[in-house]
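Read the structure below first, then the notes.
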Amino acid sequence: MPSELSSQAPRNPADPLVLGRRIRHARTARGLTLSRLAATVGSTTSQLSLVENGRREPRLSLLTALADALGTSPADLLAPEPPPDRRAALEIALERAQRSPLFASLGIAPVRPGRRLPMDALESLAALHGELERRALASIATPEEARRINTELRLEMQARDNYVPEIEEMAEDFVRSVGYSGGALTHHMVSQMADRLGFTIIHVDDLPRSTRTVTDLENGRIYLPPASIPGGYGLRSLALQAMAHRLFRFAHPADYGDFLRQRQQLAYFTAACLVPRFAATDFLERKKAAKDLSMEDFRDAFGVTHHSAAQRFTNLATAHLGIPTHFIRANDDGSLHRGYANDGVPLPTDATGTIEGQPLCRRWAARAAFERRSRTNEFVQYTDTPAGTYWCSTQTGTGTDAEFSITLGVPFAHAKWFRGRETTRRAASSCPDESCCRRPDPALAERWREQSWPSAKMHAHVLSPLPSGTYPGVDDAAVYAFLERHAGGGPQD
């Protein structure tokens with residue numbers, strides 16, 4: 001996640017190519033020649049030519065002089081958007097493409113996108129380079145790439161205590177606009193929020209298999225499935241994520257990393273709408289004062305899943321309650337599916353720092369909870385680790401394929417704020433030392449090492465690149481066919 005976010009899409013520093021084209025656009029709009037503008041600002045024609053072609057960045061004094069001569073402001077010239085001219089936007093796209101390593105690898109001469117290049121040729125060249133880039137990016141969007149980017153995003157959020165105040169403010173403003181004041185955000189309020197953005201929510205049973213939702217910008221419709229998606233994707237969440245695309249004004253992802261960053265921001269915004277900061281902190285501060293914090297109560301107070309409640313707690317706990325935390329979602333085979341920590345808990349990682357798919361210690365609450373027969377309430381225990389003692393609360397659940405567990409944990413010193421702190425259940429873990437729980441019993445190993453041959457499961461996606469499309473993993477053809485079917489209205493609720 002970018003370190004600074006506003007209510008608009010994240011902005012990058014000034015691009016010299018865009019800056020140069022904005023200067024050229026302003027100059028031609030005022031009917032000035034390059035030489036006349038150079039004389040006015042005390043520069044040279046050659047220097048301004050380099051600036052307009054994005055090959056040299058002007059000093060602040062020159063930028064200010066150019067803005068004065070062109071009747072605009074430095075801020076306007078530095079705006080990240082291309083000038084309001086189709087040709088200029090295409091020229092920028094072509095210039096960028098021809099400066100890329102991908103183009104250099106082709107070993108062909110670049111085409112100068114000057115005024116003599118016909119518009120139809122410019123359109124074709126820009127489209128061709130765009131498709132080349134898309135295919136190149138799709139070919140490297142492997143599971144390994146996804147894990148690497150996930151690790152980067154996790155560490156970025158860890159550095160911010162999993163808290164993004166700019167998105168919190170956006171979500172608060174949005175829910176307050178429909179009269180929300182506390183408790184669960186209702187489906188009716190979500191529909192009102194969609195209406196404020198000019199959208200109608202429509203439930204259909206023929207969404208493309210590769211999508212959760214589809215948004216029709218032309219007709220102002222958000223298509224949702226008729227029921228929640230197994231795994232925690234409720235209808236409110238799906239609708240809010242679709243709306244967030246418009247609020248953030250996201251463009252199509254430039255690469256797989258961009259796609260994952262967008263998804264992360266959408267998920268954060270959705271959580272901040274379902275459990276708004278002002279209502280959540282009021283609830284949690286009262287519970288902390290009573291030393292009665294509980295994920296069950298937090299979940300029920302806002303009508304969300306246990307997973308959503310625990311993960312949302314990590315957003316607010318450190319920034320507003322002064323409590324460092326960790327969050328774990330584990331599969332019933334003991335593998336870590338998702339995790340976050342800013343409390344020093346030793347989450348297992350591979351050599352690259354990736355946590356996804358790594359085996360958790362058998363003695364941690366995230367795994368020990370599967371061993372109990374009655375699972376109606378949260379499972380709590382203290383665990384001694386090489387990094388210290390942690391108190392953890394775990395709730396198990398059942399997904400489409402297998403069981404999973406959701407764990408919220410804190411250092412021993414902060415257990416005093418939580419219900420269940422009085423538990424006498426305690427375990428000791430020395431992981432990642434393999435002698436802790438990964439080595440088999442010596443007698444069993446001796447008995448079966450030479451008399452067994454297990455066949456490991458091979459996931460189909462391990463050697464395959466992630467599916468490509470306008471958005472990674474989305475079947476564009478199916479989406480466009482779906483929109484065409486429903487363009488006339490289609491079934492509605």
**Asked** Any idea which residue in region 64-85 is most open to solvent (accessible area, probe 1.4 Å), counting only those that are among the charged types (D, E, K, R) and within 19 Å of Asn53 (Cβ to Cβ)?
**Response** Glu81
**Asked** Counting just the residues of region 388-403 that are at pLDDT 95 or above and among the small types (Gly, Ala, Ser), which one comes out surrounded by the fewest Cβ atoms within 10 Å (Cβ to Cβ)?
**Response** Gly388
**Request:** Search region 166-193 for residues that are under 21 Å from Ala309 (Cβ atoms) and open to solvent by less than 40 Å² (accessible area, probe 1.4 Å) and pair each with any residue that is among the polar types (S, T, N, Q) and assigned to a helix (DSSP H, G or I) when their beta-carbon atoms are under 7 Å apart and the residues are at least 6 apart or on different chains.
**Result:** Ile167/Gln265
**Asked** Name the residues in region 430-444 that are at pLDDT 90 or above and farther than 18 Å from Ile355 by Cα, would you?
**Response** Cys436
**Prompt:** Being under 23 Å from Phe412 (Cα atoms), among the acidic types (Asp, Glu) and at pLDDT 95 or above, is that true of even one residue in region 337-352?
**Reply:** yes
**Prompt:** Could you give every pair whose Cβ atoms fall below 6 Å, whose first residue belongs to region 267-283 and is closer than 11 Å to Gln241 by Cβ, and whose second residue is among the hydroxyl-bearing types (Ser, Thr, Tyr), counting only separations of at least 6 or pairs across chains?
**Reply:** Thr270/Ser237
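Kindly establish whether Gly339 is open to solvent by 20 Å² or more (accessible area, probe 1.4 Å), in contact with a strand residue (DSSP E or B) (Cβ under 8 Å, 6 or more places away or on another chain) and either in a helix (DSSP H, G or I) or not basic (Lys, Arg) (or both).
no
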**Fill in**
Checked region 360-377 for anything at pLDDT 90 or above, touching a helix residue (DSSP H, G or I) at 6+ places or on another chain (Cβ under 9 Å) and either closer than 21 Å to His306 by Cα or in a strand (DSSP E or B) (or both); matches are Leu360
**Fill in**
Inside region 50-101, the number of residues satisfying the requirement of being touching a Pro at 6+ places or on another chain (Cβ under 8 Å), among the charged types (D, E, K, R) and free of Cβ contacts under 8 Å to residues at least 40 places away in the same chain is 1
**Prompt:** Here are some residues: Ser73, Ser61. Which one is among the polar types (S, T, N, Q) and farther than 20 Å from Pro84 by Cα?
**Reply:** Ser61
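Residue by residue, here is whether (1) closer than 30 Å to His337 by Cβ; (2) touching a Lys or Arg at 6+ places or on another chain (Cβ under 9 Å); (3) assigned to a loop (DSSP other than H, G, I, E, B) holds:
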| residue | (1), (2), (3) |
| --- | --- |
| Pro58 | no, no, yes |
| Pro83 | no, yes, yes |
| Leu125 | no, no, no |
| Leu132 | no, no, no |
**Request:** Considering every residue within region 112-134, establish whether at least one is among the polar types (S, T, N, Q), open to solvent by 20 Å² or more (accessible area, probe 1.4 Å) and over 27 Å from Thr28 (Cβ atoms).
**Result:** no
**Message:** Quick check on this structure: which one of Leu106, Leu137 is closer than 29 Å to Pro253 by Cα, in a helix (DSSP H, G or I) and either more than 33 Å from the chain's Cα centre (by Cα) or modelled with pLDDT under 85 (or both)?
**Reply:** Leu137
**First in region 313-336 and open to solvent by 20 Å² or more (accessible area, probe 1.4 Å) and among the β-branched types (Val, Ile, Thr), second anywhere and at pLDDT 95 or above and in a loop (DSSP other than H, G, I, E, B), Cβ under 9 Å, 6 or more apart** = Thr318/Asp161; Thr318/Asn162; Thr318/Tyr163; Thr318/Pro324; Thr318/Thr325; Thr318/Asn342; Thr318/Asp343
**Message:** So for region 238-257 (the condition being out of contact with any Gly (no Cβ under 9 Å at 6 or more places or on another chain), aromatic (Phe, Trp, Tyr), touching a residue at least 60 places away in the same chain (Cβ under 8 Å) and buried (at least 20 other Cβ atoms within 10 Å of the Cβ)), does at least one residue qualify?
**Reply:** yes
**Request:** Keeping to region 16-49, report how many residues are part of a loop (DSSP other than H, G, I, E, B), of a type in the set (Ser, Thr, Tyr) and surrounded by 14 or more Cβ atoms within 10 Å (Cβ to Cβ).
**Result:** 1
**Prompt:** Of the residues Ala194, Ala171, which is modelled with pLDDT of 95 or more and touching a Pro at 6+ places or on another chain (Cβ under 8 Å)?
**Reply:** Ala171
**Request:** Looking only at region 194-228, count how many residues are touching a residue at least 12 places away in the same chain (Cβ under 8 Å), loosely packed, with under 15 Cβ neighbours inside 10 Å and in a helix (DSSP H, G or I).
**Result:** 1
**Asked** Does region 9-22 include one or more residues that are touching a residue at least 60 places away in the same chain (Cβ under 8 Å), closer than 27 Å to Phe250 by Cα and in contact with a Phe, Trp or Tyr (Cβ under 6 Å, 6 or more places away or on another chain)?
**Response** yes
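The values are calculated or read from the model by the stated rules, or taken from the named source; none is laboratory data. Worth saying up front: this structure is predicted, and the values here are computed from it rather than measured. FYI the Cβ positions are ideal-geometry reconstructions off the backbone, even for glycines, and counts take in every protein chain you see. What goes into the accessible areas is simple: the full protein's heavy atoms, side chains included, and nothing from ligands, DNA or RNA. Shrake-Rupley method; radii C 1.70, N 1.55, O 1.52, S 1.80 Å.
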